[in-house]
């Protein structure tokens, strides 16, 4: 077991993949009426699952169950070794169970995914700079659009729950690790295994669908589609495992005295997010399994000519697809809700409303999916009810906005990078959210659906809102996770450049969307060229700012100013432990006696308000 | 201490400088956001159908409704950065307020946002009912639309067996399109008329529109349908009744 690491994983994964490939090519039959592409799909899928299985075995994911089966269960030393005790940097490159290691692994993985997806975005925008550009051919363009989409979706799903749900959350609730440390490492390495699978798609003919992989186009698509299918199946397993872990941890492992009323809001947001993911991602998995069966076995799930329906795919997909955006958003918003009191030196405005808002979003999110299908013609009579549920979501979302501005109200605002992220999110998500309300109106959606307006809307919410939140969370928890302060002399200008670039890019897309440009087009009418040019310039600005930010993160991590244990003066438990955080977090499990929002003091207006108040019972002496 | 009435408390509240300043900022930002309404309409261009007129009306109304909401958020954000910020890199010396919430504010916010939601909903349902009244009541001209990679074909079934890749429509007459696809999902979008419906293989979907302007408008495929999705484009020519008939007859159809 102690010899297994990422390298043995890769080697073994390649070996099993090659073996699977040969066996598949040799022994998988092809029917008389089937074409060569079907056989290729079967071989490709088998090879990719072979890689995944081989990698997971090689990295040591199954050591625990294997040893248990062999009746040589892991002893205490083994567990400590698995947790990375005294292992230095090597522990980041193997199957390590310490939640802090897994959190850092997720953070690096997320940054890599954003870099890859972001580069693809730069290429897409370069193509779109001119109406008739030949920078990319249509196959490459469609592939990049789809790849950019799915890479960013995966990255944004894991970007807060992965790094901070893992590193911070257990410490924040006073626990020594998560409920299922080995499953924690499993969830990370499953994604690691899936990444090369996904990135192989362009070399297998690409994907001709967008990230939504609609059937029946997905049945027709080249072998790159198989990479997408396998990736999603593996990713769904990873997120199910992670979801079970986070939920169990938060529900059962809070420290003594940490009642739900004293539990930090970040915990609520993260648990709500995975709570929504747990029913939703299996739908995605099912949709892809059916797609794979349609492609390789001639099943007719989505083939109308043989009794299937493309609408089955759309429903399965959006049953995942809508809750999924809240999976992305909730942890990011919750992280910002967590840091806003610290940087306003004021308690969270109405903790109960924040919890209520999160609960409302979570509940309603499962009921709105077909607003993505208003124009599909599937069930026009259901458009009204889905319009109702969709418009209702604005109420709990608005409640969270009230909590943000209520916390800032009469606060003492400390304008460091984490707090700047709050402001940027409030601006961007407001625009994203309000434009969502336009689209929730069915007749308006008939005009706007499938246009760049939609693209602009979801980038404003997912990127302007959620990703900005993740940047804030990174800046906030950076000192605890890395022991160094994030350099704000470069970090803040980088962030501002990214935000300015972001708004230029996607405002441009609202404009061309209103003018009538569809989404996912490699060429467009001359009419849209000015708007697209502006968007491309904005995109390059984002790229420049992102590189600056990456530079800041890397250099700060390596030789930034050493951080104290609690540089922000926060009150949640993770700031009460030393930095670097000891292996088991707490020497003695903490006992919690209050919530972590005890900021603020009376100011001139508080005193004036005091004078205005009705006398309370304990002022009885005054009446006498 | 004597009990203080609600109206007195409100008066005291409105006298505070920061409240007045935030209010002024609120008005300012509301106006700025409201200015987006005419910009939206300008970008969308003249409405070429009754449906598009409703769409533009809705977007204008929603923008005016959103303006005070956005304005309030922007006002608080801006004011906090101007007046409540502790300057500098080091932690603030003073704390902010210790208030943990305000019941009346929360309740009022819930009520107002619910009310806005109800207005949105009623407006939306009314719009949709309008669009549905044509079903069975009004006599609409039926035209079949078939999408395939990567062209649109139109069958003027009420005028004989005229099949064309060009769409001609008579102005001010309601049309009912029966849309389908022979391969993958497409989406039949008449841009300036603000209507679209997906074209799905094996099923027929319906779309109603009443063109109100004479001219040439764009039909774009709005669902990624493979390699040449961006080229799946044609025009609709909205002409007078007479010109429409002339075109039909020229293409071998009948009245």
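Table: residues versus (1) closer than 30 Å to residue A:128 by Cβ; (2) buried (at least 17 other Cβ atoms within 10 Å of the Cβ).
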site	(1), (2)
A:533	yes, no
A:549	yes, yes
A:552	yes, yes
A:555	no, no
A:563	no, yes
A:570	no, yes
A:585	no, yes
A:595	no, yes
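Residue A:480 falls short on exactly one of the conditions (1) within 14 Å of another protein chain (Cβ to nearest Cβ); (2) in a helix (DSSP H, G or I), and that condition is (1).
In the range A:340-363, what residues are in a helix (DSSP H, G or I) and touching a helix residue (DSSP H, G or I) at 6+ places or on another chain (Cβ under 6 Å)?
Within the range A:340-363, A:340, A:341, A:343, A:344, A:353, A:354, A:355, A:357, A:358, A:360, A:361, A:362 meet the criteria.
Restrict the check to the range A:442-450 and report whether at least one residue is outside any helix (DSSP H, G or I), touching a strand residue (DSSP E or B) at 6+ places or on another chain (Cβ under 8 Å), within 30 Å of residue A:518 (Cβ to Cβ) and facing chain B (nearest Cβ under 7 Å). Looking for residues that are outside any helix (DSSP H, G or I), touching a strand residue (DSSP E or B) at 6+ places or on another chain (Cβ under 8 Å), within 30 Å of residue A:518 (Cβ to Cβ) and facing chain B (nearest Cβ under 7 Å), one finds at least one in the range A:442-450, hence yes. Screening residue B:48 with (1) more than 7 Å from chain A (Cβ to nearest Cβ); (2) in contact with a strand residue (DSSP E or B) (Cβ under 8 Å, 6 or more places away or on another chain); (3) without any contact (Cβ under 8 Å) to a residue 40 or more places away in the chain gives one miss only, at (3). Considering only residues in the range B:214-226 that are surrounded by 17 or more Cβ atoms within 10 Å (Cβ to Cβ) and touching a residue at least 60 places away in the same chain (Cβ under 8 Å), the one that is farthest from residue B:187 (Cα to Cα) turns out to be B:217. Screening residue A:546 against (1) at pLDDT 95 or above; (2) within 14 Å of chain B (Cβ to nearest Cβ); (3) on the phi < 0 side of the Ramachandran plot leaves a single unmet condition, (2). For the range B:197-212, taking the residues that are more than 10 Å from chain A (Cβ to nearest Cβ) and part of a loop (DSSP other than H, G, I, E, B), the one that is surrounded by the most Cβ atoms within 10 Å (Cβ to Cβ) is identified as B:210.
Checking each residue in the range B:213-241 for being more than 27 Å from residue B:183 (Cβ to Cβ) and either at pLDDT 95 or above or within 14 Å of chain A (Cβ to nearest Cβ) (or both) picks out B:213, B:214, B:215, B:216, B:238, B:239, B:240. Screening residue A:316 with (1) without any contact (Cβ under 8 Å) to a residue 60 or more places away in the chain; (2) under 30 Å from residue A:39 (Cβ atoms); (3) surrounded by fewer than 23 Cβ atoms within 10 Å (Cβ to Cβ) gives one miss only, at (3). Test residue A:425 against the stated conditions and say whether it is more than 7 Å from chain B (Cβ to nearest Cβ), surrounded by 22 or more Cβ atoms within 10 Å (Cβ to Cβ) and in contact with a strand residue (DSSP E or B) (Cβ under 7 Å, 6 or more places away or on another chain). So residue A:425 fails the test. Which of the residues spanning the range A:386-424 are without any contact (Cβ under 8 Å) to a residue 12 or more places away in the chain and within 22 Å of residue B:204 (Cα to Cα)? Hits for the range A:386-424: nothing passes. Residues in the range B:145-196 that are touching a helix residue (DSSP H, G or I) at 6+ places or on another chain (Cβ under 7 Å) and within 14 Å of chain A (Cβ to nearest Cβ): B:150, B:184, B:185, B:187, B:192, B:193, B:194, B:195, B:196.
Identify the single condition in (1) modelled with pLDDT of 95 or more; (2) touching a strand residue (DSSP E or B) at 6+ places or on another chain (Cβ under 8 Å); (3) within 10 Å of chain A (Cβ to nearest Cβ) that residue B:86 does not satisfy, given that it satisfies every other one. Answer for residue B:86: the failing condition is (1). Could you please find all residues in the range A:242-269 being outside any helix (DSSP H, G or I) and farther than 24 Å from residue A:476 by Cβ? Result: A:256, A:257, A:259.
Specify the residue that is modelled with the lowest pLDDT; the eligible residues are those in the range A:54-91 that are surrounded by fewer than 13 Cβ atoms within 10 Å (Cβ to Cβ) and part of a helix (DSSP H, G or I).
So the residue we want is A:88.
Of all residues in the range A:482-509, those that are under 24 Å from the mean Cα position of the chain (by Cα) and either within 28 Å of residue A:134 (Cα to Cα) or without any contact (Cβ under 8 Å) to a residue 12 or more places away in the chain (or both) total 9. Checking A:536, A:552, A:541, A:505 one by one, the residue that is more than 14 Å from every other protein chain (Cβ to nearest Cβ), more than 21 Å from residue A:420 (Cα to Cα) and either part of a helix (DSSP H, G or I) or in contact with a helix residue (DSSP H, G or I) (Cβ under 6 Å, 6 or more places away or on another chain) (or both) is A:536 and no other. Checked against the criterion of being at the interface with another protein chain (Cβ under 8 Å from one of its Cβ atoms), modelled with pLDDT of 85 or more, in contact with a helix residue (DSSP H, G or I) (Cβ under 9 Å, 6 or more places away or on another chain) and within 18 Å of residue B:56 (Cα to Cα), the candidates B:131, B:96, B:101, B:124 yield just one match: B:124.
The condition (being closer than 27 Å to residue A:549 by Cβ, outside the structural domain of residue A:58 (by TED's automatic domain parsing) and surrounded by 20 or more Cβ atoms within 10 Å (Cβ to Cβ)) is satisfied by just one residue among A:119, A:110: A:110. If the condition is being under 21 Å from the mean Cα position of the chain (by Cα) and either buried (at least 23 other Cβ atoms within 10 Å of the Cβ) or within 14 Å of another protein chain (Cβ to nearest Cβ) (or both), then the range A:196-232 contributes A:197, A:198, A:210, A:211, A:212, A:213, A:227, A:228, A:229, A:230, A:231, A:232. Residue B:95 meets all of the listed conditions (1) touching a strand residue (DSSP E or B) at 6+ places or on another chain (Cβ under 9 Å); (2) part of a loop (DSSP other than H, G, I, E, B); (3) surrounded by fewer than 21 Cβ atoms within 10 Å (Cβ to Cβ) but one, namely (1). The set of residues from the range A:263-284 being closer than 19 Å to residue A:212 by Cα and surrounded by fewer than 21 Cβ atoms within 10 Å (Cβ to Cβ) comprises A:279, A:282, A:283. Selection over the range A:298-352 of residues that are away from every other protein chain (no Cβ under 13 Å) and at pLDDT below 95 gives a count of 2.
The values are calculated or read from the model by the stated rules, or taken from the named source; none is laboratory data. Everything numeric in this text was worked out from a predicted model, so none of it was measured. With ideal geometry, Cβ positions are generated from the backbone for all residues, glycine too; neighbour counts draw on all protein chains shown.
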